[in-house]
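J.: Pasting a structure here, questions to come.
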Amino acid sequence: MQPVVVRRLELAERARWDAFVRACPSATFFHLSAWQGLIENHQGHDTYFLLAERGSEIVGVLPLAEVRSRLFGHSLSSLPFCVYGGVASEDAEAIAALEMEAERIAQRLGVGHLEYRNVAPRHSDWPSQDLYVTFRKTLAADDEANMAAIPRKQRAMVRKGIKNGLIASRDADVNRFFSVYADNVRRHGTPAMSRRWFAALMDAFANDCEVMTVTTADGAPLSSVLSFFFRDEILPYYAGDLPAARDLAANDFKYWSLMCRALERDCKVFDYGRSKVGTGPYAFKKNWGFEPTPLAYEYRLFKRDSIPQNNPMNPKYRAFIALWQRLPLAVANRLGPMIVRNLG
């Protein structure tokens with residue numbers, strides 16, 4: 001058997017990389033090569049997309065990005081701005097070789113820590129983060145069966161949205177989505193990604209990225225979501241609601257409409273995405289009948305004594321969150337992308 005060789009991805013090889021990712025059982029949407037250009041060109045971070053080859057065959061990939069921040073530290077991770085990461089491979093030798101090269105790069109860069117956003121645990125002896133879970137569920141074959149599978153109280157909210165005459169439609173651009181999303185995250189005290197970032201996602205992933213916006217019958221936006229499609233999965237990833245959405249059950253109607261859209265796209269799995277344990281989004285997804293699965297975020301600490309806690313659950317950010325909620329929306333939208341790019 002030929003030995004495994006690890007090297008960095010070249011631009012001309014992205015189609016080969018993506019073909020491997022789409023075929024590899026442990027790969028996710030966030031292993032696709034387009035993330036390299038997105039992170040480099042729109043967030044300003046250096047990337048190290050590693051591929052492992054045995055002869056002329058790719059047998060594993062590991063996308064990495066370096067984040068240097070005076071506020072939040074110096075890290076190498078797979079992958080910032082993504083909820084899943086780590087090595088994608090079914091080959092034990094390739095996994096070991098990729099992780100060994102990642103550690104060499106991390107030490108050469110002098111980072112504080114190396115982070116793998118694994119779906120399943122790989123290193124039981126490494127420090128790990130138990131804050132995040134993901135919610136995934138297999139869809140039924142038709143809309144009626146999916147409606148029946150929603151728990152009774154949540155199903156009543158979906159029907160309320162239907163009775164209110166709400167309309168869900170797909171958008172050709174991110175304009176309505178961004179207006180709803182930016183207002184939503186500011187009210188929750190967190191910085192927003194830029195409108196340019198979302199436009200770049202739609203451009204990079206084309207048919208595998210869609211925006212759906214829910215409006216009143218007269219066209220007033222209430223709720224919006226940007227979703228990814230990967231193999232037979234739909235992944236609602238960024239979302240937001242205006243204050244008026246709550247009384248009209250627009251958020252519930254939005255996700256029901258997205259399930260219907262998933263069937264139109266022949267999706268079999270609805271990935272409700274990552275949430276922090278004990279938060280409102282966590283409870284909301286549980287109410288839909290989805291069960292949480294812990295995510296195995298694992299850390300190799302070099303110049304740190306503990307896992308970084310760069311998230312809104314950290315008490316030290318309470319004052320910042322309260323301040324951000326009081327900012328004018330235009331100011332928050334201008335400053336937000338500069339902060340978010342440092343968080344990853």
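The values are calculated or read from the model by the stated rules, or taken from the named source; none is laboratory data. Note that the structure is predicted; figures quoted are calculated from it, not measured. Cβ atoms come from the backbone with ideal geometry, glycine included; neighbour counts cover every protein chain shown. Protein only, heavy atoms only, side chains kept; ligands, DNA and RNA dropped before computing areas. Shrake-Rupley method; radii C 1.70, N 1.55, O 1.52, S 1.80 Å.
J.: Lys and Arg at +1, Asp and Glu at -1: add these up for the other residues within a Cβ distance under 14 Å of Tyr48 and post the number.
T.: It works out to a net charge of -3.
J.: If the only charges are +1 at each Lys and Arg Cβ and -1 at each Asp and Glu Cβ, what is the size of the charge dipole of the stretch 38-175 around the Cα centre, to the nearest 20 debye?
T.: Its charge dipole is roughly 1120 debye.
J.: Determine the sum of side-chain charges near Ser224: Lys and Arg each +1, Asp and Glu each -1, restricted to other residues whose C-beta is under 10 angstrom from that of Ser224.
T.: Its environment carries a net charge of 0.
J.: Another question, if that's okay. Taking +1 at the Cβ of each Lys and Arg and -1 at the Cβ of each Asp and Glu, which of Ala204, Leu248, Ser194 sits farthest along the dipole of the stretch 188-344 towards its positive end, judged by Cα position relative to the Cα centre?
T.: Selected residue: Ser194.
J.: Something else now. Compute, for the chain, the length of the dipole vector about the Cα centre, with Cβ point charges of +1 (Lys, Arg) and -1 (Asp, Glu) only. Units Debye, rounded to 20.
T.: My answer is approximately 1460 debye.
J.: Next question, about the same structure. Return the FRET efficiency for the residue pair Glu57, Met100: r is the Cβ-Cβ distance, R0 is 30 Å, and the value is rounded to the nearest 0.05.
T.: Between Glu57 and Met100 the formula returns 0.95.
J.: Please work out the Cα convex hull volume for the stretch 80-127 and give it in Å³ per residue.
T.: Cα-based convex hull of the stretch 80-127, divided per residue, equals 93 Å³.
J.: Of the accessible area of the chain, with the probe set at 1.4 angstrom, what percent is carbon plus sulfur?
T.: 52 percent
J.: Counting every Cα pair in the stretch 162-239, what percent are over 20 Å apart?
T.: The share of Cα pairs beyond 20 Å in the stretch 162-239 comes to 33 percent.
J.: Percent of Cα-Cα pairs per 5 Å bin, from 0 to the last occupied bin, for the stretch 6-137, please list those.
T.: Going out from 0 Å in 5 Å bins, the stretch 6-137 shows 2, 10, 21, 25, 21, 13, 6, 1, 0 percent.
J.: List the extent of the Cα atoms of the chain along each of their three principal axes, largest first, rounded to whole Å.
T.: 62, 47, 36
J.: If you count only protein heavy atoms with a 1.4 Å probe, what accessible area per residue comes out for the chain, rounded to a whole Å²?
T.: Per residue, the chain has an accessible area of 46 Å².
J.: Also, I was wondering about something else. What does the helix-only formula give at 222 nm for the chain: each DSSP H stretch with n ≥ 4 adding -39500 (n - 2.57), the total divided by the residues, and the result rounded to the nearest 500 deg cm²/dmol?
T.: -11500 deg cm²/dmol
J.: If you don't mind, another one. Mind checking which lysines have their Cα closer than 18 Å to the Cα of Lys163? Skip sequence neighbours fewer than 8 apart in that chain.
T.: Lys153, Lys254
J.: Sticking with this structure for a sec: The stretch 1-67: D in µm²/s via Stokes-Einstein (Kirkwood Rh, Cα pairs, 4 °C, 1.567 mPa s)?
T.: Translational D for this selection: 105 µm²/s.
J.: Put +1 on the Cβ of every Lys and Arg and -1 on every Asp and Glu Cβ in the stretch 100-155; which of Ala106, Thr134, Ala148 then has its Cα farthest towards the positive end of the dipole?
T.: About the Cα centre, the residue reaching furthest to the positive side is Ala148.
J.: What's the FRET efficiency of Lys153 with Cys260 using the Cβ-Cβ distance as r and R₀ = 22 Å, to the nearest 0.05?
T.: After rounding to 0.05, the efficiency reads 0.65.
J.: Using the C-alpha gyration tensor of the stretch 145-279, what are the square roots of 5 times its eigenvalues, in whole angstrom, with the largest one first?
T.: That gives 21, 19, 15 Å for the three semi-axes.
J.: If you wrap a convex hull around the Cα atoms of the stretch 140-193, how much volume per residue is inside, in Å³?
T.: Per residue, the Cα convex hull of the stretch 140-193 comes to 156 Å³.
J.: If you line up the Cα atoms of the stretch 91-182 on their principal axes, what length do they span on each, largest first, in Å?
T.: The principal-axis extents, from largest down, are 59, 33, 25 Å.
J.: A follow-up question, please. Based on a Kirkwood Rh over C-alpha pairs, give the Stokes-Einstein translational diffusion coefficient of the stretch 225-310 at 4 °C and viscosity 1.567 mPa s in µm²/s.
T.: 85 µm²/s
J.: Between Glu291 and Ala15, what is 0.36 nm times their sequence separation minus the Cα-Cα distance? Round to one decimal in nm.
T.: 95.9 nm
J.: Still on this structure, I have one more. Set the Förster radius R0 to 41 Å, insert the Cβ-Cβ distance between Leu323 and Ser124 as r into 1/(1 + (r/R0)^6), and round the FRET efficiency to 0.05.
T.: It comes out at approximately 0.55.
J.: Let me ask something additional. What figure in square angstrom, to the nearest 10, would you give for the accessible area of Ile167 with a 1.4 Å probe?
T.: So the heavy atoms of Ile167 present about 80 Å² to solvent.
J.: May I pose another question? Any idea of Asp208's accessible area? Nearest 10 Å², probe 1.4 Å.
T.: The accessible area comes out at roughly 40 Å².
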